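The values are calculated or read from the model by the stated rules, or taken from the named source; none is laboratory data. Bear in mind the structure is a predicted one, so any value in this text is a computation, not a measurement. Positions of Cβ are generated from backbone atoms using ideal geometry, with glycine treated the same way; all protein chains shown enter the neighbour counts.
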Amino acid sequence: MTIEEQLVKKSLQGDTMAFEELVAQYQGKIYALAFRYMGNEEDAYDMSQEAFIKAFRSIRSFKGDSSFGTWMYRVATNVCLDELRRRKRRVSTLSLDEPLATKEGDEVEKEFADTSPTADILYEQKEFSQYIQSLLDEMKPEHKSAIVLRDIMELSYEEIAEVLNCSMGTVKSRLSRAREALRKKLVERELLP
Amino acid sequence: MRCEQIKENLSAYMDQMTSRHENQLIEAHLTECATCRQELEQLQLLHALLANLDEPQIPDGFAEDLHGRLLEARPILLQQPSMKRPRQKGWIAAAVAGLALVVGIAGSSLLPVGSIANLWLDDKAKTNQTTTVAVEDIIQRFQQWRANEEESPGEVTNEPGQTEEIPQQQEQPGAETPAQVIDEGNGDQPVQIAEVDPQIADVVKSLIKVDSLAGSIDKVMEIAQANGAESSRSLGTTMQAMDAQAAREISIKAPRDQVGAILDQLADLGSASAPIAEQVELTEQYREAVITIEAIDQEIERLQDQGREEDLPRIEDLKKQSKIWGEKKAQIESDANLVTIKVYLVEETVQP
């Protein structure tokens, strides 16, 4: 039995310390993942907390078919995408004229999206990162998750299929479409040669 | 291949997820087509840019925050019941026997009756039995089961405190008894043990080769409805793509006594293989649902008693969870009460 399997087993018995060791191994990745889905630090923090709590509560449903890490990606992905869908539903019921309750992060993002990034930005890693994030935020959840899991988190197609609970063929086509959309945007802005 | 087709595959090609044959086609095209070459380069650059984005740093205090919340979540996890053997050995054997009968009617049965039924027989009987169970014995049990059921249909006993002595009526099959929660009414003690009834779902699988899928699916639906299988809402159809052959899986949930007739009629649709009977043990999942609901409800009560305003969102959240688990529990009860017939329709197509 690997150390990870031992930790999962102990977590099953309600051992929070064992589970926290698992958390320590994955929290950086899960936070990064949540950040890419949600687009700001505050939501990333909340969603990754939520993901770990949910994982702890439902650890009995982890059967060990995949690695704990892959399963954790799946839990976190579901938590984030559910939240995004919930918000989208809520927003769509509001009047267009009504100002949305914005957090600080949203404001900054919006301003950024309005400014036309110049080629200089390429050299400014941070700003480029923010620009990419603003593009990701506009994408459909299934495209966004494909890009985030493959290009940013660098999971294999097989792992992505497990995380998204879909076939490898679906991963392939979603990824192809999502990359094509991003490529076009960057070409329009002359950010790709 | 034309540019359009090539472009669709460039993303997978870049990740080395295309077949050797596809690689040949793509590479041949790339030597001739500057546009596609440029697009591939752009995709590769895009991937490199994305892979090298700054990884956001997790804020300090993340683990400490989580620690507190994990401790809160822990009570629910800790409500682990002591494992108990299902009590109603008698009726499970009878249910298995019942299933064996209906499958038998449908034709050649692959059900390993003896081995399954024997598992559940009480120890005394077991010593007298070899691994095979006499068919007469099974039929007798089945008939006994039917007779009992007619006498007192669906009798439910739910008497708190009756943990040592199990009322005789509980030996009856088919009674959809809700969980027997011990410690009920004793609010000071946390509920630790929930004695639940065994939940076993019967699944019969039948593979039928048909000439045309489309027509056959409708016929399956008609057969199911004509036999009083649960109304269309339980006729969940799942589409599954299978290589080389077109296939559909259709689930029908039917009352036990209808299974034979349905299988018979299904067999007329095409060339049917012998039905295979399986059992899915759902007791543990059921127990988990019962325990979780109980623990959540207790927690809600506790928070409500404290009456603190900051707990309100948490109470709302818990209520939602309780509802979700309630639905899960109901689903298991329904699954265990009916027999699920999984029909696999396979259309044999001529390979081009």
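Of the conditions (1) farther than 20 Å from A:Ile132 by Cα; (2) within 8 Å of another protein chain (Cβ to nearest Cβ), B:His47 clears all except one; give me its number.
(1)
Scan the stretch A:170-188 and report the pairs whose first residue is at the interface with chain B (Cβ under 7 Å from one of its Cβ atoms) and whose second residue is buried (at least 19 other Cβ atoms within 10 Å of the Cβ) and not in a helix (DSSP H, G or I), with Cβ atoms within less than 7 Å and a gap of 6+ or a chain change.
A:Arg183/A:Leu192; A:Leu186/A:Leu192
Tell me whether the stretch A:79-91 contains one or more residues that are at pLDDT below 90, of a type in the set (Lys, Arg) and under 23 Å from A:Ala161 (Cα atoms).
yes
Within the stretch A:30-69, work out how many residues are buried (at least 24 other Cβ atoms within 10 Å of the Cβ) and of a type in the set (Val, Ile, Thr).
Residues that pass the stated criteria total 1.
Looking only at the stretch A:1-26, which residues are surrounded by 12 or more Cβ atoms within 10 Å (Cβ to Cβ), assigned to a loop (DSSP other than H, G, I, E, B) and at the interface with another protein chain (Cβ under 8 Å from one of its Cβ atoms)?
A:Gly14
Please determine whether any residue of the stretch B:19-38 is in a helix (DSSP H, G or I), within 7 Å of chain A (Cβ to nearest Cβ), at negative phi and among the polar types (S, T, N, Q).
Keep residues of the stretch B:19-38 that are in a helix (DSSP H, G or I), which gives B:20-32, B:34-38.
From what is left, the residues that are within 7 Å of chain A (Cβ to nearest Cβ) are none.
Taking every residue of the stretch B:19-38 in turn, none turns out to be in a helix (DSSP H, G or I), within 7 Å of chain A (Cβ to nearest Cβ), at negative phi and among the polar types (S, T, N, Q).
Just for helices (runs of 4 or more DSSP H) wholly inside the stretch A:119-193: which have at least 1 residues that are over 15 Å from A:Tyr37 (Cα atoms)?
Output list reads A:125-138, A:157-164, A:168-188.
Return the pair list, or none, for Cβ contacts closer than 7 Å from residues in the stretch A:49-65 that are at the interface with chain B (Cβ under 9 Å from one of its Cβ atoms) to residues that are surrounded by fewer than 17 Cβ atoms within 10 Å (Cβ to Cβ), at least 6 apart or on different chains.
A:Gln49/B:Asp65; A:Gln49/B:Arg69; A:Ile53/B:Arg69; A:Ile59/A:Leu12; A:Arg60/A:Leu12
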